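Encoded as structure tokens, the structure appears first; notes follow it.
No value in this document is a laboratory result; all are computed from the given coordinates. Computed from a predicted model, the values in this text were never measured in an experiment. Every residue, glycine as well, gets a Cβ built from its backbone with ideal geometry; the counts of neighbours run over all protein chains shown.
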Amino acid sequence: MNNKDNKSKPRIGRSIFLLTVLFRPKAVFEDLAISRPSPYRIFFKYLLWFAMLPPLFAYIGGSWRGWELGAENPLMLGEAELRTVSALYFIVLLVAFVSTAFISRWMSETYDARVSLGAHMTLVATLAAPVVFGSVIHLYPHVFINLLVLIPALIWAMYLLYSGLPVALRISQERGMLMASSLVGWLLVGFVTLLGLMVVLWTNGLGPSIGA
């Protein structure tokens, strides 16, 4: 048993690279199924950076040419506003990643799945990889083009969730489907809550000023 555990530990580090997740997802989940990753290692090596990259791309793109929203002139935010939006973007992503991992671990007891927090954090990092990869499009800050890229990335992440969760957490396909659907419900509730919070903050003057 010890030899097996020691052999499996480094495999998750190699398999979670973005290109491997995109082109060999089955191998990623098979590696995760026999690995015991440390939650601290996954957080600092992957989740922290995955939460940092999209805001960084958005900051660079926004400061370079402004966001094109379909109007004649692009939206140019001031330096302070760009930093604020990017910082909030980072916080939202990081909270979403970590909270989803904890929610997944909490659900695992109901569906008789693995309860290792490291495994659930790795699962979340793997699912986030296509979206992080697609967020490179933030360097070209056109809303329509960003949607064309990020929507397929989200669809791919959903495919990875439904196909990979049963393998990674070692449960049946039926229970995996139910657990994956519960996680999607959690993410939708979180997204709607975030939209409502953004509207409240924006209408109270805590968002970027778009007016001419």
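Couple of notes before you dig in:
- Sole residue being in a helix (DSSP H, G or I), touching a Leu at 6+ places or on another chain (Cβ under 9 Å), aliphatic (A, V, I, L, M) and within 20 Å of TRP67 (Cα to Cα), chosen from VAL136, VAL149, VAL124, VAL98: VAL136
- Cβ-Cβ under 7 Å pairs, at least 6 apart or on other chains, region 77-99 side in contact (Cβ under 8 Å) with a residue 60 or more places away in the chain and over 30 Å from ALA119 (Cβ atoms), far side among the small types (Gly, Ala, Ser) and buried (at least 17 other Cβ atoms within 10 Å of the Cβ): LEU77/GLY62
- Residue identified as buried (at least 18 other Cβ atoms within 10 Å of the Cβ), touching a residue at least 12 places away in the same chain (Cβ under 8 Å) and of a type in the set (A, V, I, L, M) among LEU139, LEU123, LEU154: LEU123
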